[in-house]
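The values are calculated or read from the model by the stated rules, or taken from the named source; none is laboratory data. Values in this document were obtained by computation on a predicted structure and should not be read as measured data. All Cβ positions, glycine included, derive from the backbone under ideal geometry; neighbour counts span all protein chains shown.
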Amino acid sequence: MKRNKLVKKPLPCSIFDIQGLQDWLDGMALQGLFLERLSYHNDRAFFRRGEPRPVRYRLDPVGEHWNDVERKENYAQMGWEFVDAIPRTFYLFSCDDPEVPELHSDPATLSYALKTLVRRQRQDNMLLVLAPTTLLAFLLLANWNEFCANLLLWEHPFQPLVILFLVGLLLALAVYGMYQVIRLNKLRRTLDDGLPLQAGRRHWRPNLPYLAIFLPVTLLINLLSSLAMNYVAMEFLDLDLSALSHPWPGLAQMETAPLPALRPEHYSYMTVNRSPAVPVQEHYTDRGAGFGKPLLKVWYYQAASPSAARRLYHLKRKELEKDLKHYNDTSNSSESITGLTPFVPMEYPGLDVLETASYRYSGLDGWALALRRGNDVLLVRCAGSAPLERGLALLLDALGEEEVL
Amino acid sequence: MAGREKGPLTEPMYYVLMSFLRRERCGTEITGFVEEKTQGRVKLGPGTLYTLLAKFQEEGLIAETGVDGRKRTYRITDKGLAVFQEELERLRACVTDGEEERQ
């Protein structure tokens, strides 16, 4: 039983090291291990045990046609038996008769046979790099605004690092692919000059199952990427307006009448964050309990420069408009609204930009505004509370106050 | 040297092309011809033979004339004849040059 069991060995060299692989397989035969099959993707060769004897193993580049049965039969007639194939790359033939001529007796012809392989390798490399690059570019473009906003705000600070890592990985793949093509072309030049092939250096390869290395590494990369992508730097806190940079109004200040139905402690919260481009980032939601109760949402950003503020305003205003449109189009969300009007620019003294929109939120009048003043960017959604004019006046009063932090 | 990638024909290329001068041949007949003609000096491996047949066909030096099961026969083309003639003259010049220098 033991004799029938296949012996598994890791490949000691690249499959493009033709002479190195042939020498290794010939050496294995002299040790009584005869190649049964070669698993390129698992980086392993499987051997059958037998009486040690000289057997020649030779690699034959795959031509235009894959699984060329005619070629295998013709070779067999001339003493070379088909053993296995490395998909789209090489056929493997063996011969145990020392009188039979070499599989490739003319180096220049072998070089010609490698021509198709080099071309295919080049195409495969391009595909290998282009396909994930296209996917990555598509994902980036599809989420371009979020990506740019994140670069400014660092809400997911590891996200750009993960993308950078993926780009680095793609570059490494491209370089490795180019290196293989360069090696093959060098091999062809050697053969064209009529020189014999030289075996390359053998790698040290532990005889561990392929999955034992591949799986933990892949899982680790996936886990780290996933953790990094999902990591949120923002702090989520209970609403405490006195802890924010400006004396922003809450729903209680926005209202002229008391609000007995409100239970803000259950539904109100705030988030804070900072980044080099936008050192002050605050958001708070102050709302009554349940659907159809007054609502106030404020986002405030203080950018490090007017240009960062301009860029941030553009991105965040777009995001707010998109969210409002989404809530206007859906009827089954607790945030659903109706009658949304598009944002319209308004002139207001002291402000660089002011745009406002209006809507209805569960029977309550609602409005939204986006404004920029120097390095400050402010976005607000308010419903069932003060009208736009009063809300704007209160917010601008707060914005004009010195920072309390 | 029309029809080839570069440089002169190698010995196996030369003899494979030569094998078609008198008649059409299939793979095993070519191997036999080369072995006999060179008295075993040039050995034609199957990888070399079938790569050469594909190459010569691609370059228009030979053409397939028939298929009988797995057996394919080929003939030399006018272009193949011209290439062979060119190579013959090159070799002749080489021999002449060598002999001249030896005297």
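Write out, first by first residue and then by second, each pair whose Cβ atoms fall under 6 Å of each other, whose residues are 6+ apart or on separate chains, and whose first residue, in region A:67-89, is within 14 Å of another protein chain (Cβ to nearest Cβ) while the second is surrounded by fewer than 16 Cβ atoms within 10 Å (Cβ to Cβ).
A:70/B:70; A:73/B:70; A:79/A:97; A:79/A:100
For region A:120-131, does any single residue satisfy the condition of being within 34 Å of the chain's Cα centre (by Cα) and under 13 Å from residue A:60 (Cβ atoms)? It would help to see each step written out before you state the result.
Keep residues of region A:120-131 that are within 34 Å of the chain's Cα centre (by Cα), which gives A:120-131.
Keeping just the survivors that are under 13 Å from residue A:60 (Cβ atoms) gives none.
No; the residues of region A:120-131 include none that is within 34 Å of the chain's Cα centre (by Cα) and under 13 Å from residue A:60 (Cβ atoms).
Return the residue satisfying two criteria in turn: it lies in region A:302-332 and is under 31 Å from the mean Cα position of the chain (by Cα) and outside any helix (DSSP H, G or I), and of such residues it is farthest from residue A:279 (Cα to Cα).
The extreme case among them is A:330.
Does residue A:111 satisfy the criteria of being within 14 Å of chain B (Cβ to nearest Cβ) and in contact with a helix residue (DSSP H, G or I) (Cβ under 6 Å, 6 or more places away or on another chain)? Full working, then the answer.
On the way: within 14 Å of chain B (Cβ to nearest Cβ): yes; in contact with a helix residue (DSSP H, G or I) (Cβ under 6 Å, 6 or more places away or on another chain): yes.
Criteria met by residue A:111.
Could you please let me know if residue A:144 is under 24 Å from residue B:17 (Cβ atoms) and either surrounded by 13 or more Cβ atoms within 10 Å (Cβ to Cβ) or without any contact (Cβ under 8 Å) to a residue 24 or more places away in the chain (or both)?
Details: under 24 Å from residue B:17 (Cβ atoms): no; either surrounded by 13 or more Cβ atoms within 10 Å (Cβ to Cβ) or without any contact (Cβ under 8 Å) to a residue 24 or more places away in the chain (or both): yes.
No, not satisfied.
Scan region A:13-33 and give yes if some residue there is buried (at least 20 other Cβ atoms within 10 Å of the Cβ), part of a strand (DSSP E or B) and modelled with pLDDT of 95 or more, otherwise no.
Looking for residues that are buried (at least 20 other Cβ atoms within 10 Å of the Cβ), part of a strand (DSSP E or B) and modelled with pLDDT of 95 or more, one finds at least one in region A:13-33, hence yes.
Does residue B:61 fit the bill of being surrounded by 12 or more Cβ atoms within 10 Å (Cβ to Cβ) and under 22 Å from residue A:115 (Cα atoms)? So that I can check it myself, show each step before the final result.
Numbers: surrounded by 12 or more Cβ atoms within 10 Å (Cβ to Cβ): yes; under 22 Å from residue A:115 (Cα atoms): yes.
In short, yes.
Let me spell it out: the conditions are (1) closer than 26 Å to residue A:268 by Cβ; (2) at pLDDT below 95; (3) not polar (S, T, N, Q), and residue A:348 meets all of them except one. Which number is the exception?
(1)
Note down all Cβ pairs under 8 Å where the first residue falls in region A:213-234 and is under 30 Å from residue A:280 (Cα atoms) and touching a residue at least 12 places away in the same chain (Cβ under 8 Å), the second is surrounded by 11 or more Cβ atoms within 10 Å (Cβ to Cβ) and among the polar types (S, T, N, Q), and they're at least six residues apart or on different chains.
These pairs meet every condition: A:228/A:159; A:229/A:159; A:233/A:273; A:234/A:271; A:234/A:273; A:234/A:281.
Output the number of residues of region A:199-236 satisfying the condition of being touching a helix residue (DSSP H, G or I) at 6+ places or on another chain (Cβ under 6 Å) and not in a helix (DSSP H, G or I).
Number of matching residues: 2.
One residue is enough: does region A:61-84 have a residue meeting the conditions basic (Lys, Arg) and in a strand (DSSP E or B)? Lay out the reasoning, then the answer.
Our first condition is that a residue be basic (Lys, Arg); within region A:61-84, this holds for A:71-72.
Filter again for in a strand (DSSP E or B), leaving none.
For region A:61-84, residues basic (Lys, Arg) and in a strand (DSSP E or B): absent.
Being polar (S, T, N, Q) and facing another protein chain (nearest Cβ under 8 Å) is the filter; apply it to region B:26-51 and report the residue that is farthest from residue A:107 (Cα to Cα).
The first filter runs over region B:26-51 and keeps only residues polar (S, T, N, Q), leaving B:28, B:31, B:38-39, B:48, B:51.
Remaining after also requiring facing another protein chain (nearest Cβ under 8 Å): B:28, B:31, B:48, B:51.
On the way: B:28: 21, B:31: 17, B:48: 9, B:51: 11 Å.
In this case the residue turns out to be B:28.
Only residues that are within 14 Å of chain A (Cβ to nearest Cβ) and within 14 Å of the chain's Cα centre (by Cα): list them for region B:59-103, please.
Step one: of region B:59-103, the residues within 14 Å of chain A (Cβ to nearest Cβ) are B:59, B:61, B:64, B:67-74, B:87.
Listed by number, the residues that qualify are B:59, B:61, B:74, B:87.
From the list B:16, B:34, B:42, which one is at pLDDT below 95, buried (at least 16 other Cβ atoms within 10 Å of the Cβ), under 21 Å from residue A:102 (Cβ atoms) and of a type in the set (A, V, I, L, M, F, W, C)?
Working: B:16 fails: at pLDDT below 95; B:34 fails: at pLDDT below 95.
Only one candidate passes the filter, namely B:42.
Out of all the residues in region A:90-108, which are out of contact with any strand residue (DSSP E or B) (no Cβ under 7 Å at 6 or more places or on another chain), more than 10 Å from every other protein chain (Cβ to nearest Cβ) and in contact (Cβ under 8 Å) with a residue 24 or more places away in the chain?
A:96, A:98 - these are the residues of region A:90-108 that are out of contact with any strand residue (DSSP E or B) (no Cβ under 7 Å at 6 or more places or on another chain), more than 10 Å from every other protein chain (Cβ to nearest Cβ) and in contact (Cβ under 8 Å) with a residue 24 or more places away in the chain.
Let me confirm something: among A:85, A:113, which residue is small (Gly, Ala, Ser), crowded, with 19+ Cβ neighbours inside 10 Å and not assigned by TED's automatic domain parsing to the domain that holds residue A:185?
Values: A:113 fails: not assigned by TED's automatic domain parsing to the domain that holds residue A:185.
Residue meeting the stated conditions: A:85.
I want to confirm something. Restricting to region A:53-66 and keeping residues that are without any contact (Cβ under 8 Å) to a residue 40 or more places away in the chain and more than 12 Å from every other protein chain (Cβ to nearest Cβ), which single residue is farthest from residue A:112 (Cα to Cα)?
Restricting attention to region A:53-66, the residues satisfying the condition of being without any contact (Cβ under 8 Å) to a residue 40 or more places away in the chain are A:57, A:65-66.
Checking which are more than 12 Å from every other protein chain (Cβ to nearest Cβ) leaves us with A:57, A:66.
Working: A:57: 20, A:66: 17 Å.
This residue is A:57.
Picking from A:157, A:247, A:132, A:196, which residue would you name as being within 30 Å of residue A:394 (Cβ to Cβ) and touching a residue at least 24 places away in the same chain (Cβ under 8 Å)? Even if it seems obvious, please write down each step before you answer.
Details: A:157 fails: within 30 Å of residue A:394 (Cβ to Cβ); A:132 fails: within 30 Å of residue A:394 (Cβ to Cβ); A:196 fails: within 30 Å of residue A:394 (Cβ to Cβ).
Matching residue, one of A:157, A:247, A:132, A:196: A:247.
Could you go through region A:42-64 and let me know if any residue there is surrounded by fewer than 20 Cβ atoms within 10 Å (Cβ to Cβ), outside the structural domain of residue A:200 (by TED's automatic domain parsing) and touching a Cys at 6+ places or on another chain (Cβ under 6 Å).
Checked region A:42-64: at least one residue is surrounded by fewer than 20 Cβ atoms within 10 Å (Cβ to Cβ), outside the structural domain of residue A:200 (by TED's automatic domain parsing) and touching a Cys at 6+ places or on another chain (Cβ under 6 Å).
Starting from residues that are in contact (Cβ under 8 Å) with a residue 12 or more places away in the chain and of a type in the set (Asp, Glu), keep the ones in region A:336-380 and report whichever is farthest from residue A:312 (Cα to Cα).
Filtering region A:336-380 for residues that are in contact (Cβ under 8 Å) with a residue 12 or more places away in the chain and of a type in the set (Asp, Glu), the one farthest from residue A:312 (Cα to Cα) comes out as A:365.
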